[in-house]
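No value in this document is a laboratory result; all are computed from the given coordinates. As the structure is a prediction and not an experimental result, all values here were calculated from the model. Backbone-built Cβ (ideal geometry, glycine too); neighbour counts: all protein chains shown.
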């Protein structure tokens with residue numbers, strides 16, 4: 001049964017209730033969200049070393065609001081490795097939230113806008129990769145070619161974009177991580193997102209990069225299990241995601257470490273409030289190890 005706005009009945013109810021709660025949510029978040037980052041506007045960041053490559057970076061829609069450090073450290077890490085980073089005008093949400101709900105008509109405009117924006121940059125000056133630092137988004141962008149394979153106008157362009165898409169750890173592993181200058185020796189729990197290990201089949205690169213950067217890495221027991229974030233599923237079907245969340249937290253709490261790292265903002269948001277350890281994006285640790293600033297969640301702890 002369709003809701004009055006064209007959504008399935010349960011989703012229509014969720015949307016209407018969400019609108020009612022919007023003012024409450026805004027009040028709760030006011031003062032808790034970071035200031036918007038200047039890094040997230042269309043621009044080009046020059047390489048700090050002799051130019052090795054030119055890439056576009058998808059800034060995303062969630063982490064530009066919830067965690068601006070991720071894009072900032074991604075840009076700095078790439079610059080330090082001789083990469084010019086372009087935030088393309090017109091690129092925005094990857095389309096995954098609508099796609100997860102089966103709303104193809106709502107997802108496609110985002111998908112096509114991103115394809116057009118990135119290929120404009122590629123036409124202006126060839127790009128070597130489209131770098132994505134949220135694995136949920138990366139899985140979606142890598143599927144653009146498949147999603148539009150029957151589209152005579154967009155199919156070829158979508159396939160090209162999917163072929164250029166790389167997770168940040170995937171891309172840095174190909175570049176080769178610089179020799180670390182800050183060897184902290186911290187013990188890191190690495191949480192692999194489902195969209196990373198199952199969606200993109202990326203399992204080796206994040207762990208190897210962290211170890212080569214001087215960190216001791218331990219992986220979570222039952223690492224193949226979802227944490228319960230699962231895109232919008234934790235909003236639409238909250239009971240099972242909460243059960244998965246509790247199970248994941250119990251497994252993490254069996255381990256002893258200094259910090260937790262993951263490559264997906266959804267997992268970070270799902271888990272970090274329930275754990276005593278600081279939770280950072282993998283790229284923050286790689287940036288720090290190769291000459292960047294100490295990740296903000298670690299600063300007070302390292303002084304203790």
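Suppose R0 equals 41 Å; then what is the FRET efficiency for residue 223 and residue 33 from their Cβ-Cβ distance, rounded to the nearest 0.05? With a Förster radius of 41 Å, E is 0.85. Evaluated on region 154-198, the Kirkwood hydrodynamic radius is 13.8 Å, with distances taken between all distinct Cα atoms. With a Förster radius of 22 Å applied to the C-beta separation of residue 296 and residue 274, the computed FRET efficiency comes to 0.70. With contributions of -39500 (n - 2.57) from each DSSP H run of at least four residues, the per-residue ellipticity at 222 nm computed over the chain stands at -13500 deg cm²/dmol.
Residues 198, 146, ranked from the fewest to the most other C-beta atoms within 10 Å, line up as 146, 198. Cα centroids of region 155-180 and region 262-278: 24 Å apart. Residues 223, 38, 229, arranged from fewest to most other Cβ atoms within 10 angstrom of their Cβ, appear as 38, 223, 229. Between residue 212 and residue 49, what FRET efficiency follows from the Cβ-Cβ distance if R0 is 25 Å, with the result rounded to 0.05? That pair, residue 212 with residue 49, gives E of 0.85.
Packing order of peptides 175-181, 88-94, highest average first: 88-94, 175-181 (average count of other Cβ atoms within 10 Å over each peptide's residues). The orientation-averaged projection of the convex hull spanning the C-alpha atoms of the chain amounts to 16.6 square nanometres.
Full extension of the chain segment joining residue 243 with residue 65 gains 61.4 nm, where the gain is 0.36 nm per residue of separation less the Cα-Cα distance. In a fully extended conformation the segment linking residue 256 and residue 146 would gain 35.4 nm over its present Cα-Cα distance, using 0.36 nm per residue. With the largest listed first and rounded to whole Å, the semi-axes of the equivalent ellipsoid of region 180-302 from the Cα gyration tensor are 25, 15, 13.
Geometric descriptor of region 38-172, per residue, is 96 Å³ (volume of the convex hull of the Cα atoms). For the peptides 187-196, 290-299, residues were scored by their other Cβ atoms within 10 Å and the scores averaged per peptide; the highest-first order is 187-196, 290-299.
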